[in-house]
Amino acid sequence: MGIVAIIVASILGIGVGAGAVFAYNKKNENGGKTKAEDLIRKAKHEAGDIVLEAKKEASAIASKAQNEESERRKEWKRTEHRLTERENNLDGKLDQLEKKTEKLAREEKELEDLKGEVREIRAKQHEKLEKIAGLSKVEAREKLMKMTENDIRQDLVALVSKQQKEIKHDVEETAQAILLTAMERMSSEVTADRTITALKLPDDEMKGRIIGKEGRNIQALQRATGVDIVVDDAPGMVVLSSFDPIRRQVARYALERLMKDGRINPASIEDAVAKGEKEIEKEVVRAGEDAAREVGVVGIPREILHLLGELKFRTSYGQNVLLHSIEMAHMAGMIAEEIGADKRIAKTATLLHDIGKAVTHKIEGKHAEIGAELAKKYGLPEPIVHAIAAHHDDIEATTPEALIVKICDAISAARPGARNISAENFAERMRDLENIATSFPGISKAYAISAGREIRVIVEPKQIDDLTALKLARDIANKIEATMSYPGVIKVNVIRETRAVEYAK
């Protein structure tokens, strides 16, 4: 393409030159022909030089193109050679793979044949063994299992007993260290005064004033306080009766104020009751705040503190509920610190675990459930709500803090003298323990001893073996936990004794 362009350019140059000469001659016809001829010769000479140069350049380009084509063909030949060698290698590998596949197939077939022969030999051996022993395969297996079970039963009983003793020893030692540390550091009174429900009269004349003309004063007092007032049952005493401990305290305060003033009439009664309500309200708030401050818990909602303060006027089995809660909170903080649990959650939950008792006379249900609902209502954290709900096993305790609340409640309630339990209740609990034990089969006798802290169960040795005795002790303990309410721990002691008796004649 470059050579053609050069030739065309040369021809155009000659044409242009000729045209120029022709135009010049035509324009200057009177000019000299010599000058025109010189120009023509010069143009022809220049055109010849251009054509010669174009030929040289075309020859160089053609030579270069031939060299490049030669190199390209050599490269193609080398590439073709490499591809041919690779194809040959792949063909060889495919042949080897096919041979290996055929070999594996033959070996698999041989292996299956060998397996079939082994199965046939094993079946024949089983048949011979069954003929020799006179037992089928299933019967032989059962007999072998029974012999093995009899052989290892004693070893298994000994191993289980040993493991239980080791685990129990380690757990009891650790638990005792933690609980004794907490109890040693916590020193408080184990009993509390009951809420006062009776007032002593200074004289019989005061009884008449309280009753008033036609019972006007006592009726006004009962209407204002919501408390039943009995003045005739005991000489020289006024008995206040109400399920609401706050109302009972308001009535006590109002009566004391009226007897001290001496003027008792409907107007003075209303004034005394109003002042009594304000005074008791202040005392309730102060008691709740003082309890939280003493324990070292902050951030409790004011409504919850009010309920906590009301526990000052509640007793449970003769034990003041607020003092019981404060004592528990101190112990919970110590135990939580020892085992690495959340100290704040443990102390808060134990302090508030019985707030449901402040409203049990108003709301139906168990106090643990009511307390959890109140805690949830006023925005306390979920771990605290869970610990309150689980402290009497109404739900399963799943956090360390909830378990701490249960432990502290049992410790505080189980202290000697902490709770007043009647002899009838005590005897009934002892009977319930014995009845639970004797409800299981194979029991000969059962005795509740150590003030109901232990139940000894004597079993029939022919019906209960050593391994079953271990399971029986666990089953009795589970049934006691599920059906009875009690402080502390009850030990279940299952006794199996084999006696051999013979007479020499």
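Can we say Ile355 is at pLDDT 85 or above, buried (at least 22 other Cβ atoms within 10 Å of the Cβ) and within 18 Å of the chain's Cα centre (by Cα)? It is false that Ile355 is at pLDDT 85 or above, buried (at least 22 other Cβ atoms within 10 Å of the Cβ) and within 18 Å of the chain's Cα centre (by Cα). When Glu130, Glu107, Glu166 are screened for being at pLDDT 85 or above and assigned to a helix (DSSP H, G or I), only Glu107 passes. Counting only residues that are under 38 Å from the mean Cα position of the chain (by Cα) and either in a strand (DSSP E or B) or at negative phi (or both), the stretch 449-480 holds 20 of them. Within the stretch 239-249, identify whether any single residue is of a type in the set (A, V, I, L, M, F, W, C) and assigned to a helix (DSSP H, G or I), and answer yes or no. The answer is yes; a qualifying residue exists. Scan the stretch 481-505 for residues that are of a type in the set (A, V, I, L, M), within 24 Å of Gln163 (Cα to Cα) and not in a loop (DSSP other than H, G, I, E, B) and the total you get is 3. How many of the residues making up the stretch 299-320 are modelled with pLDDT under 85 and either β-branched (Val, Ile, Thr) or closer than 17 Å to Ala387 by Cα (or both)? Residues meeting the conditions: 1. Looking across the stretch 439-492, the residues that are loosely packed, with under 13 Cβ neighbours inside 10 Å and among the β-branched types (Val, Ile, Thr) come down to Thr483, Val489. Evaluation of Gly365 against the conditions (1) outside any loop (DSSP other than H, G, I, E, B); (2) of a type outside the set (Ser, Thr, Tyr); (3) over 20 Å from the mean Cα position of the chain (by Cα); (4) surrounded by fewer than 24 Cβ atoms within 10 Å (Cβ to Cβ) shows that the sole unmet condition is (1). Taken over the stretch 252-287, residues that are part of a helix (DSSP H, G or I) and touching a residue at least 24 places away in the same chain (Cβ under 8 Å) amount to 19.
When the residues of the stretch 374-414 are filtered to those that are touching a Leu at 6+ places or on another chain (Cβ under 8 Å) and not in a helix (DSSP H, G or I), the one that is surrounded by the most Cβ atoms within 10 Å (Cβ to Cβ) is Leu380. For Thr348, the conditions (1) in a loop (DSSP other than H, G, I, E, B); (2) surrounded by 21 or more Cβ atoms within 10 Å (Cβ to Cβ) all hold with the exception of (1).
Taken as a whole, the condition of being among the basic types (Lys, Arg), in a helix (DSSP H, G or I) and modelled with pLDDT under 85 applies to Lys56. Taking the listed residues Arg286, Arg314, the one that is surrounded by 14 or more Cβ atoms within 10 Å (Cβ to Cβ) and more than 19 Å from Pro202 (Cα to Cα) is Arg314, with no other qualifying. Scanning the stretch 242-256 for residues that are within 52 Å of the chain's Cα centre (by Cα) and closer than 23 Å to Asp203 by Cβ turns up Ala251, Arg252, Tyr253, Ala254. All of Gly215, Gly262, Gly226, Gly236 fail the test of being of a type outside the set (Ser, Thr, Tyr), in the same structural domain as Gly276 (by TED's automatic domain parsing) and under 24 Å from Ser316 (Cα atoms), apart from Gly226. Out of all the residues in the stretch 444-455, is one or more outside the structural domain of Glu396 (by TED's automatic domain parsing) and within 26 Å of Ile152 (Cβ to Cβ)? Looking for residues that are outside the structural domain of Glu396 (by TED's automatic domain parsing) and within 26 Å of Ile152 (Cβ to Cβ), one finds none in the stretch 444-455, hence no. Can we say Lys377 is more than 28 Å from the chain's Cα centre (by Cα) and more than 19 Å from Pro400 (Cβ to Cβ)? No, not satisfied.
The values are calculated or read from the model by the stated rules, or taken from the named source; none is laboratory data. All values derive from a computational prediction rather than experimental measurement. So basically every Cβ, Gly included, is an ideal-geometry build from the backbone, and we count neighbours across all protein chains shown.
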